[in-house]
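The values are calculated or read from the model by the stated rules, or taken from the named source; none is laboratory data. Since this is a predicted model, take the numbers as computed values, not measurements. Ideal geometry is used to build each Cβ from the backbone, glycine not excepted, and the neighbour counts take in all protein chains shown.
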Amino acid sequence: MILNKIKIEGLKKEDPGIIPAMERRAFLKMGLLITGVFAGGSVLSATSIVEKAFASSGEFAEKYPYKPHYSMVIHQDRCIDCELCMTACVKTNNVPTYGYRTRVFERDDQKATERKREFIPVLCNQCNNPPCVLGCPTKATYKNPTNGIVMMESKKCIGCKTCMAACPYNARYFNEETSAVDKCDFCFNSRLSKGEKLTACAEACPAKCRVFGDLSDSGSEVYQAVHNLEKTVWVLRPDAGAKPNVFYMKG
Amino acid sequence: MAEDVTKTADVAVMPGGWAGVRGGVLQALQGSKGYYAALIISGLLLLAAVAAGLHAKYIGTMYAYGASREVPWGILISTYVFFVVTSTGLCLVSAIGHVFGVKDFMPIAKRAIFLSIMTIMAGFFVIAFEIENPFRMAIYNVISPNLTSNIWWMGTLYGAYMFFMAIEFTFLVLNKPKIATIIGFMGVVAGVAAHSNLGAVFGMLHGREFWYGPYMPIYFIASAMMSGAATIIFFTWLAYKANGQKMDAAMKRALEVTTKVGILLISVILFFTAWKFITGFVGGEAKTAALDMLLTGSYAFNFWVLEVAVGMVIPLALFILSKGQNLKLIVTASALMIFGIFFMRYDLVIVGQLVPVYYELGVNEYTQMLSYTPSAHEILIVMGGIGFVGLTFLLGEKIFNGHKSEIH
Amino acid sequence: MRTKKLSVLILILAVMAMITVYEGLVVAEDDIVGGGEIIYTKPLKSVLFSHKSHAAMGLDCNACHDKIFQMAALSAQDKADFNMKGLYDKKYCGSCHAKDGMAFASDTQCARCHIGTKGFNSAPKEAKK
C-alpha cells in the first residue's frame, strides 16, 4: 500500500524481529475466538495486538520504534468512577472546565449476572497510525520521534478541527485560551519532561486501574500485561485502524 | 479590438477588453430600481455576515456557533462545501465549451468562469470565519506543510485553482482565447484535484463510518458537475432578466445542452446515493445508525423532501418534460436543485458527525445520536456568502457586459 | 346469651383489628428498613449501601449493629480505617465480604458497591445525607 510508504513525521519503521511459531499463534487466536468477544472491542490475543498495533503489519515485532515507548494499560474492572484521575488531570494540565483530556464512561448491562455496571476510562490513545497527525495541514500535531506521544505545537494550530473530526476516540477539544486544539499528552509537558515517571491520572488512581509505562522495556508492568497470553487484552475501536497505544483488560 | 457584433436586441454594443470594462462600470451606475434593490440587499447581507463573524470571534466561537467538541464541523463547513462544489462544477461545465471545444457549450462558458471565481471566494469568505486562526494558516500552510493532509492539498490546490480561473477570465476579457484555454485547462486540473481532496477530507477518516471510503472523492466530482449545470442555467436566466435582454438562439442551445448534462448527472447521483445506502446497510452499527437518521429519523425530512425530491427527482422530471426548450421549467428545476443541493451538503457534513464515535461501545453517555442546530451567527455568515455571490454576480453582469463572448 | 356472644365477637374483631394495625405499622417500617439507602462519600465518591437488599437476605439489625457499624448513618466514613485495606482486614463490610466469607469478596465486583461520582450525582436527595 502506498500509504505505508508515506512518511509520517516521527514514525519510524522498526525491524521485523523473531517470529514465534506460527502454529502456536494460530492455535491461540482460535482459542480466544472461541472464548468469546467482549463488548466494546474485539478480543485480541497479545500477539495479535502487537501485530495490529504497530506499524509493521503481519510481523511480530520484538523491537519497538520508540524508546521509551509510552503506553497505558487500563484494568477496566477496577475502575470505580471516583474520578480522581480526572481531577488530577485538570489540575496538572490546566484543562478548562468546558473541555476534558480524560473521562470515565459508565456502562450498564441489566442482563449481566452479579455485577451489572462497569466504568470505562478513556483518554488519547497516542495511536501508532494517528489519523489526526495524518490530517493536520500544518503539522501542528505530530508524533514525538523519541517516545511516540502525539504532541501539539499550539502555535501552528489553525483551528480547522480536522483532527477533532478524525479522532476515533473523541480525545481532542479546542482550547479557547491557547486558541489551539488540546489533548492528553501523557503529561509529557507537565510531568514526564520534568523527571516524573507517571502521568497525573495514573498516579492519582487509588485502585491501580491505570498502569503507565514503557512498552519497550520487557520488565515493565505494561509489557507484562500486554504480552500475557493468559489474559484477554483489547483496544477500543480497532476497526478505525489507528493502532492505539492504550490497552484494556480485566483482572 | 474588434467590435462586438451580436444579434441580441436592446443592448448597447460595447467594445471588448479594458475599454469594455470601463464602459461596463459606467453601465453599472445606470441600473433599474430592481437591480439596485438586489444590490443593496446583497450588500447588507454581506455586512451583516462580517459583523456576525467579528462578533463571534470577540465573544468566542464556542459560544457563538452551534458546533461543539463532538460536532466540530457545522453549517459553516457545509456551506463552504456547497460553494466550492458549485465553483468546481461551474469550472467543469465551462471547460466543456472553452477547454474541450464543444461549441454548443461556449455561450455559457464566460459567465460560468466568472461565477466559479465568485463562488469560490464566497466559500473562502464563509470558512474564514470558521477557521479559528486564519492568519496562522497563511504562515504555517506555507512553512510547515503536511503533504499527507487532504486539507492542506485542498487549500493549496483551491488557491491555485482560483488563481488560474482568475487569469483565464482576464484573458477572456482581453480577448485572448487561446491562452485562456490553456490556463483554463490548468484550472480544471487544479479544480478536480482540489475537489477530490475535499471529498477525501471526509473519505479518509476511518473513524467516521458514514464518510469513510473511496466514494466521497468520486461522488464530489459528479455532484459538482450537477451543481454547476444547475447554477449556470439559473444565473444565465437571471442575468438576462437583470440586463433586460433576450437570449439568442446560441444561448438557448447552450442551455438545452446543459440541461442534458443536468439530466445525466442527476441520474448518476441518484444511482450513487441509492447504492451508498444499500451497501451501507451491511456496514457496522455506526454506519446504519447514520443511514437510519436520514431514512427514517430526525433528518428524514431533509433527506427525502429536500435532498431527493427538491434537489433531484423533481428537477429531473422538469428537465425531461422541458425537452431542453421550455425555459420556465428548466429554470425552476435549476432553482430547486440549488436549494436542495445546499441541504445535501448540510446533511452530509452534519449527519456524519451525529453518530458518537463511541456509539458501539454501548456506554450510557452515548446511547442516542448527537444533535446540532446552527446558531444565528452561523446563519448570518451563510447569508453573507450568498450575498457575496449576489453582489458580485450583479456587478459582474454590468461591468463585463453580460459576459458576451466575441468569438464563438 | 345473645349479648354475650356478640360481645365476644366484637372483642375478637377488635383484637384482630389491633393486630392488623400493629402488623401494618411494622410492615410499613420494613419498607424503609433501618437507615434506607446510604451513600458514603469518604474516602471516595461514592459507595452505596442498601439496607433493603441486605435485610431481604434475612439479616436483622443485630447482624451489624453495633459491633461492626454504629447506628448513626455515615459514622464509619469518618474513621481512618474505613478503606479497602480495612475491609481486607475483615473490618466493616469486610466482615462478610471477604474471601471464603458470607458474600462476594470485597476485591471483586467493584462497581457493584462503588457507584462512583455518576452514581452520587444521580442518586435521590434523601440518600445523600
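Assorted remarks:
- Restricting region B:364-388 to residues that are assigned to a loop (DSSP other than H, G, I, E, B) and over 20 Å from the mean Cα position of the chain (by Cα), the residue that is farthest from residue B:302 (Cα to Cα) is B:367.
- Here residue B:153 meets each of (1) more than 30 Å from residue B:59 (Cα to Cα); (2) assigned to a loop (DSSP other than H, G, I, E, B); (3) within 14 Å of chain A (Cβ to nearest Cβ) with one exception, condition (2).
- Test: residue in region A:201-220 that is of a type in the set (Lys, Arg), within 14 Å of chain B (Cβ to nearest Cβ) and assigned to a loop (DSSP other than H, G, I, E, B): no
- Residue that is nearest to residue A:129 (Cα to Cα) [pool: residues in region B:187-208 that are free of Cβ contacts under 8 Å to residues at least 40 places away in the same chain and assigned to a helix (DSSP H, G or I)]: B:203
Matching residues to (1) surrounded by 19 or more Cβ atoms within 10 Å (Cβ to Cβ); (2) at pLDDT below 95:
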| residue | (1), (2) |
| --- | --- |
| A:205 | yes, no |
| A:215 | yes, yes |
| A:218 | no, yes |
| A:223 | yes, yes |
| A:226 | yes, yes |
| A:229 | no, yes |
| A:239 | no, yes |
| A:247 | yes, no |
| A:250 | no, yes |
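- Every residue from region C:76-129 that is within 17 Å of residue C:50 (Cα to Cα), part of a loop (DSSP other than H, G, I, E, B) and away from chain A (no Cβ under 14 Å): C:96, C:102, C:124, C:128, C:129
- Filter result for the condition that a residue is closer than 17 Å to residue B:70 by Cα, in contact with a strand residue (DSSP E or B) (Cβ under 8 Å, 6 or more places away or on another chain) and within 13 Å of another protein chain (Cβ to nearest Cβ), over B:354, B:370, B:361: B:361
- Against the test of being surrounded by fewer than 21 Cβ atoms within 10 Å (Cβ to Cβ), within 23 Å of residue A:176 (Cα to Cα) and within 20 Å of the chain's Cα centre (by Cα), the options B:128, B:166 yield a single qualifying residue, B:128.
- When residue B:321 is tested against the conditions (1) part of a helix (DSSP H, G or I); (2) within 14 Å of another protein chain (Cβ to nearest Cβ); (3) of a type outside the set (D, E, K, R); (4) more than 25 Å from the chain's Cα centre (by Cα), the lone failure is (2).
- Region C:60-77, residues that are small (Gly, Ala, Ser) and in contact with a strand residue (DSSP E or B) (Cβ under 9 Å, 6 or more places away or on another chain): C:73, C:75, C:76
- Residue count for region B:257-271 satisfying the condition of being surrounded by fewer than 17 Cβ atoms within 10 Å (Cβ to Cβ) and in contact (Cβ under 8 Å) with a residue 60 or more places away in the chain: 1.
- The residue that is nearest to the other protein chains (Cβ to nearest Cβ), among those in region A:87-96 that are surrounded by fewer than 21 Cβ atoms within 10 Å (Cβ to Cβ) and of a type outside the set (S, T, N, Q), is A:96.
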